[in-house]
Amino acid sequence: MIGSDSIQMFRKVLIANRGEIAMRIVRACRELGIGTVAVHSDVDAHALHVRFADEAVCIGPAPAAKSYLHIPSLIAAAEITGADAIHPGYGFLAENAKFAEVVQQCGLTFIGPTADAMRLWGDKLRARASAAEFGLPLLPGSDAIVDAAHAEREAERIGFPAIVKARGGGGGRGMRIVRRPEEVKRAWEAATSEAASAFANPEVFLERYVESPRHVEFQVLADRNGQVWVLGERECSLQRRHQKLMEESPCLQMTDERRAEMAAVIRRAVKETGYTSLGTLEFLMDANGALYFMEMNTRVQVEHPVTEMVTGVDLVVEQIRAAAGETLTLPSKDVWGFRGHAIECRIMAEDPDTFAPWPGKITEYHPPGGAGVRVDSGVYGGWTVPSAYDSLLAKVIVSAPTRERAIMRMRRALDEFIIGGIHTNIALHRRLLEDAEVCAGSMTTSTVERFVAERKLKPTNRSD
Ligand code: MV4
């Protein structure tokens, strides 16, 4: 906002989210001297974020479609409380361009990118085209597939194995792997009908498939005054069914030289596409260490703290400042000077054997502490975890001078974490941190699957 208008930091931010990320946003606003409005559903009346925000508004019943996803209720809550901006957090409406547009039309500021930038990066084919234009590495792929014969021709050209992906998809939903020419027609049919119902857009495209890749993502932060920062990468391969379990920064396979090369290309793509907020570019890394652009997430991510721990940047504070039109004030370097190593474990309320959510009353709650340990939690002892939402309770983040020391610190922190009354995945994390592949840093997106299959051979007791 260059010009005669003076820059005005927000007075009050409405947080269109719940749980640990709502708490994270409350904390950022507090430090900026901004008032906070929590919104909540009936079952979240006593949730932690409601207790910590300055004001709270009940916006509807438990089903998210009638509360956290209900745009008219959110706008009404902002108007009633006099909020001048809305932070969407992650999930829910965070990547909904229509919501960003409505917020803006109501005279409020959406704390995120413009609706146009969200639409561009949310469209996987337009994202691929932009990536190609600005020099981001891509796997061989097709344009939108028009019929089965087109899919077969493109698969032959790209080579096998290939993968069919939804143009409007993301996060792993609606994908089909094809290993042989005979499978292409059926995979195309299945993927297109799934895409039509899941994303209201039947269009799919093909891409060369990488077996057991690593998931590596780069954090970007851009303001509205032309500054773009690339704050290094996170290694996020440890996931199960597209749900990340544990993330770290930096990625062991990344060198300073490589990071600087990637930062230069990413910075250009972000700038040229008019992207002006916090964002993440996801890449696959193959066995040779080559990186390929997959998609961009136009929101704050669950795993953002590991980047905060190694860069010292408060990403949510900077995201809010950028949305207010302020210029980011970070040292003038393409790549941040990294300090040490950080690891995050996502603590979920779930059955240790089946991974099914395990809602219920938390009877005892003692989070870990001590040097180098951060806990971003959305719960407290005595509270009942509702069944209506995802089962993330808290995140344990550790930092240490080296990866080895960070692993030791995380094991110690997990051993301290006491959560009574419900089951959690703390013991799973603790055992993963003893796994040879994890300890060596050689994990891929297949590691957790392999680990769980091995564990089935020697069942654990239920005290997990
Ligand atoms: C791929 C792939 C292999 N080759 N694309 C899954 C989520 C979405 N962001 C992209 N995904 C993948 N795309 C090609 N061409 C493998 C995956 C994938 C994956 C990616 C990141 C993290 C975990 C994953 C688990 C299974 C598959």
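In region 149-164, the qualifying residues are those that are within 13 Å of the ligand (Cβ to nearest atom) and surrounded by 23 or more Cβ atoms within 10 Å (Cβ to Cβ), and the one that is nearest to Ala200 (Cα to Cα) is Val164.
Please verify whether region 338-345 includes one or more residues that are out of contact with any Lys or Arg (no Cβ under 7 Å at 6 or more places or on another chain) and at pLDDT below 95. Looking for residues that are out of contact with any Lys or Arg (no Cβ under 7 Å at 6 or more places or on another chain) and at pLDDT below 95, one finds at least one in region 338-345, hence yes.
Could you say whether any residue in region 84-94 is among the hydroxyl-bearing types (Ser, Thr, Tyr), part of a strand (DSSP E or B) and at pLDDT 95 or above? No: zero hits.
Kindly evaluate Thr307 against the criterion of being in contact (Cβ under 8 Å) with a residue 60 or more places away in the chain and of a type in the set (Ser, Thr, Tyr). Yes; evaluated as a whole, the condition is true for this residue.
If the condition is being touching a helix residue (DSSP H, G or I) at 6+ places or on another chain (Cβ under 9 Å) and charged (D, E, K, R), then region 351-386 contributes Asp353, Arg374, Asp376.
Quick check on region 58-65. Is at least one of its residues surrounded by fewer than 23 Cβ atoms within 10 Å (Cβ to Cβ), part of a loop (DSSP other than H, G, I, E, B) and either small (Gly, Ala, Ser) or touching a residue at least 40 places away in the same chain (Cβ under 8 Å) (or both)? Yes - at least one qualifying residue is present in region 58-65. Considering only residues that are surrounded by fewer than 17 Cβ atoms within 10 Å (Cβ to Cβ) and under 12 Å from Gly370 (Cα atoms), which ones fall in region 393-414? Result: Arg412, single match. The test for being in contact (Cβ under 8 Å) with a residue 24 or more places away in the chain, outside any strand (DSSP E or B) and farther than 14 Å from Ala342 by Cβ holds for Leu414. Report yes if Arg259 is in contact with a strand residue (DSSP E or B) (Cβ under 7 Å, 6 or more places away or on another chain), of a type outside the set (Gly, Ala, Ser), away from the ligand (no atom under 16 Å from the Cβ) and under 21 Å from Arg403 (Cβ atoms), otherwise no. Judged against the criteria, Arg259 is a match. Tallying residues that are within 16 Å of the ligand (Cβ to nearest atom) and touching a strand residue (DSSP E or B) at 6+ places or on another chain (Cβ under 7 Å) within region 221-248 yields 12. Within region 182-232, the only residue that satisfies the criterion of being in contact (Cβ under 8 Å) with a residue 40 or more places away in the chain, in a loop (DSSP other than H, G, I, E, B), among the small types (Gly, Ala, Ser) and over 21 Å from Gly289 (Cβ atoms) is Gly226.
So that you can scan it fast, the table gives a plain yes or no per residue for (1) away from the ligand (no atom under 16 Å from the Cβ); (2) not aliphatic (A, V, I, L, M):
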| site | (1), (2) |
| --- | --- |
| Leu108 | yes, no |
| Ala115 | yes, no |
| Met118 | yes, no |
| Ala127 | no, no |
| Ser142 | no, yes |
| Val146 | yes, no |
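In the set (1) part of a helix (DSSP H, G or I); (2) within 16 Å of the ligand (Cβ to nearest atom), Pro137 fails one condition alone, (1).
The values are calculated or read from the model by the stated rules, or taken from the named source; none is laboratory data. Since we're looking at a predicted model, the values are computed, not measured. Here Cβ is always computed from backbone atoms with ideal geometry, including for glycine, and neighbour counts include all displayed protein chains.
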